[in-house]
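**Q** Quick one: structure below, then a few questions.
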Amino acid sequence: MSFCKDYVHVKSVNWGNGHTVCDRSMLQIKNLHVNIGDKEVLHDINLTIGEGETHVLLGPNGSGKTTLLMTIMGFSNYTITKGKIFFKGEDVTSMHAHERAQRGIGMMFQRPPTVSGLKLGKMLTAISRTKDEDITELAKSVHMDKFLERDINKGFSGGEIKRSEVLQLMIQNPDFVMLDEPESGVDLENISLIGTTIGSLLEKNKHLIKRRKSGLVITHTGYILDYIDADKGHVMCDGQIRCHGNPREILKDIKQRGYKECLECRHP
Amino acid sequence: MSSPVTVPELSEVDKDRLAQVGIDLTNKNRCGTYLQMDQDVVQAECGESGIEVHSYKKAMEKYDWLKDYAWNVVSPEKDDVTRYVAAQKDPKGYVIIAHKGSSNIMPIQACLYLGKDQIQHVHNILIAEEGAELHIISGCASGAHVGKGGAHYGISEFYIKKNAKISFTMIHNWSEDIEVYPRSASIIEENGVFLSNYVCMQPVKKVQMYPTATLVGANSVVRFSSIVIATPKSYMDLGSRAILEAPGASAEIVTRAITKGGTIMSRGHINGKVAGTRGHLECKGLILKDGIIYAIPEIEGSVVGTELSHEAAVGKLARDEIEYLMSRGLDEDEATATIIRGFLDVKITGLPDALQKQIDASIDVAEKSGF
């Protein structure tokens, strides 16, 4: 046990053969198959994200990136037919979304629903279960203090939606942050604000050794990479992860050559 | 400061029921009180200068001119309810007069409590003279008795004179065996504002009402807001009508209705009779358990230059909204309650904070019991 004590999110795992090893993974996905309705949309996904690491998920539209994030979050439309999801060493495959959130999984949605009548401020209070003062201060830091009395996401611009999402995550303070296209529909000024805030959510301001938070980010443009120093990149095509590598190199390839080769690549 | 109301026969449970409809038995946050238990007028007083609160009978004795205001906007021949009340030899109810230029910051509370009687009848007249501002909270409740049955017949006539304002917030807490028949109408003069709010979160056997506002003065305003939950076996037939008869007059009718198995008829009618008038009618309904929400919005325009609109929607809680909140750590029940709370959260423009808080508090009670 003492072997693992320096790591916050680490559990010692007994393999049943007398050996106890230290598992430093934040998220582990093994042989995951996911259906939406009767149709299988994710096929045999394997992915491990270590503590303190941020990974990038690339891939063409409709390749299954958002589906993977929604599945990890535990949305009921996404049925896991095979495989497992472990979070901090715990099997969360059959847990509800709130149980996963309470264990430290958080998500920034690309297109969150509008909840008519529910004020952003009330939502934040419900998430925080604590005082209002911090909420106002945090809201100011992402220029959302004027939106606390507005219906959540109703009539919000692209940038306002992202700032609202990031504000909710700041209050939720998850250990594992999933970001679905954090820069889409956002102007350059807001990208800087959102990028910097996401950077601090992922503890990018801390030294590598002390960093505990992990992330998984979907991006098309790569702008967000200026703020989050991603460790690994994965390319998704047709519901499969086809290859892995240095995120900036993969992005450069995609910018030059598109996804054609990824789509043709059946054997990563 | 008025001395506290002492109502020895009122049990703690019933005091709670009155608190839930906004009745403050200590009078601390109220500037005046009218309290009627069954047919006994227990208290009628007001500490605010320029505002009078009297029992109907005393007011009629005091001011001869009041007879012109009685059975004026509500016809005694309207239906069986009005005929019953009009036939009473010993009329009950209250008269509130806000004289010219007066205003009350703290609301006046009118409490109508149905304990033992089969039928409680009241006839109320509320007058805001020129430039006056009058805020009233009307809490209607029955004792926590079940199975005895009973009915409440209430006639209310509102007069909002030039540049005057009345806000009337009615909160109901009846029980499954009580039938309630309010009959009310109002006349709004030039620049006058009438805010009529209705909240009912608790069981009732039947409520039937269709308050009507006639806007006779230029730039007069009426806003009807209703927030209701129909529990199983409750039958709520609720309507609001605005007749726009002067240029610049405007009306807004907003309803939030939830059924948990009961029936809600949500009616509304805005009639634009002259040019330069505006009206909007909005009904949103949520079906939590099989019941009926029947929205019947009517808009009627008969001249060029009246602008009327309506929107009505009846639906269920959206799964993606619930799961959105769950992804932030709220369990399913918390997420559902938070969304319903938001749905019911109607902020009424021009309503004093104290009254808005009272409306919010009634919804809080319903939320705590899991809607």
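Each reported figure results from applying straightforward, stated rules to the coordinates on display, with no laboratory input. Owing to the predicted nature of the structure, the values given are computational and were not obtained by experimental measurement. When we count neighbours, we look across all protein chains shown, and the Cβ atoms used for this are built from the backbone with ideal geometry, even at glycine.
**Q** Holding the Cα-Cα limit at 32 Å, pick out from A:Lys82/A:Lys204; B:Lys28/B:Lys100; A:Lys84/B:Lys289; A:Lys122/B:Lys284; B:Lys28/B:Lys284; A:Lys39/A:Lys122 the pairs that are longer than that.
**A** A:Lys82/A:Lys204; A:Lys84/B:Lys289; B:Lys28/B:Lys284; A:Lys39/A:Lys122
**Q** Further, regarding this structure: For n ≥ 4 DSSP H runs only, could you compute -39500 (n - 2.57) per run for chain B, divide by its residues and tell me the 222 nm figure to the nearest 500?
**A** The helix contribution divided over chain B gives -4500 deg cm²/dmol.
**Q** Same structure again: Taking a cut-off of 18 Å between Cα atoms, list the lysines near A:Lys210, but don't count ones fewer than 8 places away on the same chain.
**A** A:Lys5, A:Lys11, A:Lys88
**Q** According to the square roots a ≥ b ≥ c of the eigenvalues of the Cα gyration tensor, what is the shape class of the range B:109-151, taking rounded for a/c under 1.5, prolate for a/b larger than b/c otherwise, and oblate for the remainder?
**A** Prolate shape, in that a/c is at least 1.5 and a/b is the bigger ratio.
**Q** Then there is this: Among B:Gly149, B:Val228, A:Val186, flag the residue with its Cα farthest along the positive direction of the charge dipole of the protein assembly as shown, charges on Cβ as +1 for Lys/Arg and -1 for Asp/Glu.
**A** My answer, from the dipole projection, is A:Val186.
**Q** When the dipole is taken about the Cα centre of the range A:28-264, and only Lys, Arg (+1) and Asp, Glu (-1) are charged at their Cβ, what size is it in debye, to the nearest 20?
**A** 220 debye
**Q** Now for a different question. So how strong a dipole does the range B:318-371 carry about its Cα centre when Lys and Arg Cβ are +1 and Asp and Glu Cβ are -1, to the nearest 20 debye?
**A** That gives a dipole near 240 debye.
**Q** Projecting each Cα onto the charge dipole of the protein assembly as shown (Lys/Arg +1, Asp/Glu -1 at the beta carbon, about the Cα centre), which of B:Asn197, A:Val41, A:Leu118 comes out farthest on the positive side?
**A** Projecting each Cα onto the dipole axis, the largest value belongs to A:Val41.
**Q** Need one word for the range A:92-131: rounded, prolate or oblate. Basis is the Cα gyration tensor (sqrt eigenvalues a ≥ b ≥ c); a/c below 1.5 gives rounded, then a/b vs b/c decides.
**A** Oblate is the answer for the range A:92-131, as a/c is 1.5 or above yet b/c matches or exceeds a/b.
**Q** Quick one: which of A:Lys146/B:Lys357; B:Lys58/B:Lys89; A:Lys65/A:Lys206; A:Lys30/A:Lys65 span more than 18 angstrom between C-alpha atoms?
**A** Result: A:Lys146/B:Lys357; A:Lys65/A:Lys206 exceed 18 Å.
**Q** While we're here: Of all DSSP beta bridges in chain B, what percent run antiparallel (nearest 5)?
**A** Here the antiparallel bridges make up roughly 10 percent for chain B.
**Q** Share of antiparallel DSSP beta bridges in the protein assembly as shown, in percent to the nearest 5?
**A** Bridges in the protein assembly as shown are about 20 percent antiparallel.
**Q** While we're here: Any idea which of A:His234, A:Phe87, A:Gly258 is furthest toward the positive side of the dipole for the range A:28-264, if Lys and Arg beta-carbons carry +1 and Asp and Glu beta-carbons -1?
**A** Of the listed residues, the answer is A:Phe87.
**Q** Over chain A, what is the relative contact order in whole percent, taking alpha-carbon pairs under 8 Å and six or more residues apart?
**A** Once divided by the residue count of chain A, the mean separation gives 23 percent.
**Q** Grab the beta carbon distance between A:His220 and A:Asn77, set R0 = 25 Å, and tell me the FRET efficiency rounded to 0.05.
**A** Step by step, r from the Cβ atoms, then E = 0.60.
**Q** If you don't mind, there's one more thing I want to ask. If I build a Gaussian network model for chain A, linking alpha-carbon pairs within less than 10 angstrom, which residue out of A:Glu160, A:Glu181, A:Glu137 has the largest mean-square fluctuation?
**A** Comparing A:Glu160, A:Glu181, A:Glu137 in a Gaussian network model of chain A, the most mobile one is A:Glu137.
**Q** Only Cα pairs within less than 10 Å get springs; with that Gaussian network setup on chain B, which residue of B:Leu355, B:Leu330, B:Leu66 has the largest fluctuation?
**A** Sorting by GNM fluctuation, first place goes to B:Leu330.
**Q** I've got another one for you. Can you tell me the dipole magnitude for chain B around its Cα centre, using point charges on the Cβ only (Lys, Arg +1; Asp, Glu -1), in Debye to the nearest 20?
**A** The dipole magnitude comes to about 360 debye.
**Q** Moving to a separate point now. Can you spot the aspartates and glutamates whose alpha carbon is less than 18 Å from B:Lys368's alpha carbon? Ignore those fewer than 8 places along the same chain.
**A** B:Asp16, B:Asp331, B:Glu332, B:Asp333, B:Glu334, B:Asp345, B:Asp360
**Q** Check cross-link reach from B:Lys15 to the aspartates and glutamates: straight Cα distance under 14 Å, and skip same-chain residues fewer than eight apart.
**A** Straight-distance partners of B:Lys15: B:Asp24.
**Q** Separate question: Order B:357-369, B:161-173 from most to least packed using the mean count of other Cβ atoms within 10 Å.
**A** B:161-173, B:357-369
**Q** For chain B, calculate the relative contact order in percent as a whole number, restricting contacts to Cα pairs under 8 Å that are 6 or more residues apart.
**A** Relative contact order of chain B: 11 percent.
**Q** Quick one: how many lysine pairs in the range B:119-277 have C-alpha atoms under 28 angstrom apart, if they're 8 or more apart or on different chains?
**A** Within the range B:119-277, the lysine pair count is 12.
**Q** Then there's this: Using only Cα atoms, locate the centre of the range A:148-168 and the centre of the range B:274-296, then give the distance between them in Å, rounded to an integer.
**A** 28 Å
**Q** So what is the 222 nm mean residue ellipticity for chain A from helices alone, if each DSSP H run of at least 4 adds -39500 (n - 2.57) and you divide by all residues, rounding to the nearest 500 deg cm²/dmol?
**A** -9000 deg cm²/dmol
**Q** Mind checking which of B:Glu311, B:Glu252, B:Glu179 has the largest fluctuation in a GNM of chain B, springs on alpha carbons under 10 Å?
**A** Answer for the Gaussian network model of chain B: B:Glu311.
**Q** Where a ≥ b ≥ c are the square roots of the eigenvalues of the C-alpha gyration tensor, would you call the range B:12-317 rounded, which needs a/c under 1.5, or, failing that, prolate if a/b is larger than b/c, or oblate?
**A** Oblate, since a/c reaches 1.5 and b/c is not below a/b.
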